[in-house]
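Remarks on the structure that follows.
Every read-out reported here was derived from the displayed coordinates using simple, explicitly stated rules and does not represent laboratory data. Note that the structure is predicted; figures quoted are calculated from it, not measured. Here the Cβ positions follow ideal geometry from the backbone for every residue, glycine too, while neighbour counts run over all protein chains shown.
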Amino acid sequence: MAGLLGKKKNREPEIPTSSMADIAFLLLIFFLVTTTIDVDTGIGMVLPPKLDENIDPPPVKERNMLKILVNEQGLVLMDDRPSAVNQVREEVRKHVLNCYANAGLECVSNRSEAPGKAVVSIKTARQTPYNVYINVLDEVWMSYFEMWDAEARRIGYRNYEDYVDRKPAEEENRIRELIKANISIAEPDAA
Amino acid sequence: MSKHFKKKAATKQEIPTASLPDIIFMLLIFFMVTTVLRETTVQVRTMLPSAEALTKIDQKRLVSYIWIGPRKLADNRIGDTGVQIDDALIEDLTTVRTIMYGKLVEQPKLIVSLRVDQKSEMGIVLNVQQELREAGTLRINYSTKRQVEA
């Protein structure tokens, strides 16, 4: 019996490993082939849900609304003042952070009451070129990104991304809660 | 009895590995042949606009595309604005609603990526968006390129 046990020990069970490399290569090549490298980038938006015809849309106070109109020629009108596309960013900032104490802006009566209440409405004509619209929308979003970054820096993070990564797990996104990106795409006037 | 055991222990218990690479290559070639990288041919021109405020979509499987742009015709001419979903040009915009609703049922977290040519007019984009609202696919994404700083 003892001799039998000894024999078994000497047998040294081995799994053939020479094919492991081939399996690994196969997996590697499979993933190489199926993954597409270019990441899709774009400007994310959420459309408003379909309105019930019997219920009126929730009212927005006039002063909280920043109306941006873009016409066929790509000219921009902000709250009835003609302005350039590169002014949009600053205007949106001024509008949103109007009565926010930490922003150091004067509280003006014709701009928003609080960052969370501000709404930016973009209205285009039907003939407005798409890239002009995207430019304006981009400026509005960049304005919000910059505001979030500034707010994140104020509360001790490097930037907004850093805040999202390092904020306590149970904490709601405070910055997003404070400065809501309310961007509405208005229907063009029937013409 | 012990003689029998001795005999068994002496036989080599190895699987011949010489043919393994061949099997692997066969598998590899099978996958190479069957995987399809892109199944749609875009029939409209979509020169995307560029923007700075970009978000990335990591989960490709959530994304469904709508192409809007001038139709590509023969010999490099371009025609009227067309809307394409998957492989087909959409003639009647109300079908966008049905198609997108069907996709939403399959994938409730659907993101619709609008790949719109920069020269297109807003009218058609807004019409498509209206259809998307009807379908209930509210998460959209205006596909843009990264702006190169001048």
Response to the item:
Helix A:20-34 sits off the longest principal axis of the Cα atoms of chain A, rounded to the nearest 10 on a 0 to 90 degree scale, by 20
Discussion item. Explain nothing, just the number: relative contact order of the range A:47-156, from Cα pairs under 8 Å at least 6 residues apart, as a whole percent.
Written reply: 30
Item to complete: Check the straight Cα-Cα distances from A:K123 and name the aspartates and glutamates below 17 Å, setting aside those fewer than 8 residues away within the same chain.
Response: A:E62, A:E72, A:D79, A:D80, A:E91, A:D138, A:E139, A:E187, A:D189, B:E121
Worksheet, complete the sentence: For the range A:109-191, listing GluC sites (Glu not before Pro) in a DSSP loop whose Cβ sees at most 13 other Cβ atoms within 10 Å gives A:E170, A:E171, A:E172
Worksheet item: Which Rg and Dmax, in Å, describe the Cα atoms of the range A:62-186?
Response: 15.3, 48
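Find the Rg to Rh ratio for the range B:50-146, where Rh is the Kirkwood radius over alpha-carbon pairs and Rg uses the same atoms. Intermediate results must be reported in sequence, preceding the final value.
Details: Rg = 13.6 Å, Rh = 14.1 Å.
Rg/Rh for the range B:50-146 comes to 0.97.
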Discussion item. Explain nothing, just the number: relative contact order of chain A, from Cα pairs under 8 Å at least 6 residues apart, as a whole percent.
Written reply: 19
Fill in: Dipole magnitude of the protein assembly as shown about its Cα centre (Cβ charges: Lys, Arg +1; Asp, Glu -1), debye to nearest 20
2120
Worksheet item: For the range B:50-65, in order, what is each residue's ³J(HN,Hα) by Karplus, 6.51 cos²θ - 1.76 cosθ + 1.60 with θ = phi - 60°, in whole Hz (x at glycine and Pro)?
Response: 10, 8, 9, 7, 9, 10, 9, 9, 7, 8, 5, 6, 7, 8, 10, 9
Item to complete: For A:N110 paired with B:I23, estimate the spin-label separation in nm (one decimal), with each label point 7 Å from Cα along the Cα-to-Cβ line.
Response: 7.9
Worksheet item: Counting pairs on different chains as well as pairs 8 or more places apart, how many Lys pairs in chain B have Cα atoms under 20 Å apart?
Response: 8
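What longest region of chain B stays clear of trypsin sites (Lys or Arg not before Pro) that DSSP places outside H, G, I, E and B and that have at most 12 other Cβ atoms within 10 Å? Show your work: numbers first, answer last.
On the way: sites that count: B:K12, B:R38, B:R77, B:K109.
Maximal segment without exposed cleavage sites: B:110-150.
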Practice prompt. Calculate the spin-label point distance for A:S18 paired with A:N71, positioning each point 7 Å from the Cα along the beta-carbon direction, and give it in nanometres.
Written response: 8.0
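Which loop-located trypsin sites (Lys or Arg not before Pro) does the range A:77-159 contain, where loop means any DSSP state but H, G, I, E or B and the Cβ has at most 15 other Cβ atoms within 10 Å?
Working: sites: A:R89, A:R93, A:K94, A:R111, A:K117, A:K123, A:R126, A:R153, A:R154, A:R158; in loops: A:R111, A:K117, A:R126, A:R158.
Answer by residue number: A:R158.
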Worksheet entry | Distribution of pairwise C-alpha distances over the range A:120-191, 5 Å bins, in % | 3, 15, 21, 17, 12, 11, 9, 6, 4, 1, 0
Item to complete: Mind checking the range B:46-119 for GluC sites (Glu not before Pro) that DSSP puts in a loop (not H, G, I, E or B) and that have at most 16 other Cβ atoms within 10 Å?
Response: B:E52, B:E91
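Once the cut-off is 18 Å, how many percent of the Cα-Cα pairs in the range A:70-119 end up in the long-distance tail? Before the final figure, lay out each step's value.
Details: 421 of 1225 pairs.
Counting pairs separated by more than 18 Å, the tail of P(r) holds 34 percent.
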Worksheet entry | Estimated vicinal HN-Hα couplings, Hz - the range A:75-85 in sequence order (Karplus 6.51, -1.76, 1.60; Gly, Pro = x) | 8, 10, 10, 10, 6, 6, 10, x, 8, 8, 4
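Compute the projected area of the convex hull of the Cα atoms of the protein assembly as shown, averaged over all viewing directions, and report it in nm² to one decimal place. Mind dumping the intermediate values first?
Numbers: hull surface 121.9 nm².
With every direction weighted equally, the projected area is 30.5 nm².
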Worksheet item: How much mean residue ellipticity at 222 nm does chain A get from its helices, if each DSSP H run of length 4 or more adds -39500 (n - 2.57) and you divide by all residues, to the nearest 500 deg cm²/dmol?
Response: -11500 deg cm²/dmol
Worksheet item: Check B:V44: other-chain or 5+ apart residues with amide H under 5 Å from its amide H, H built from backbone geometry?
Response: B:K72
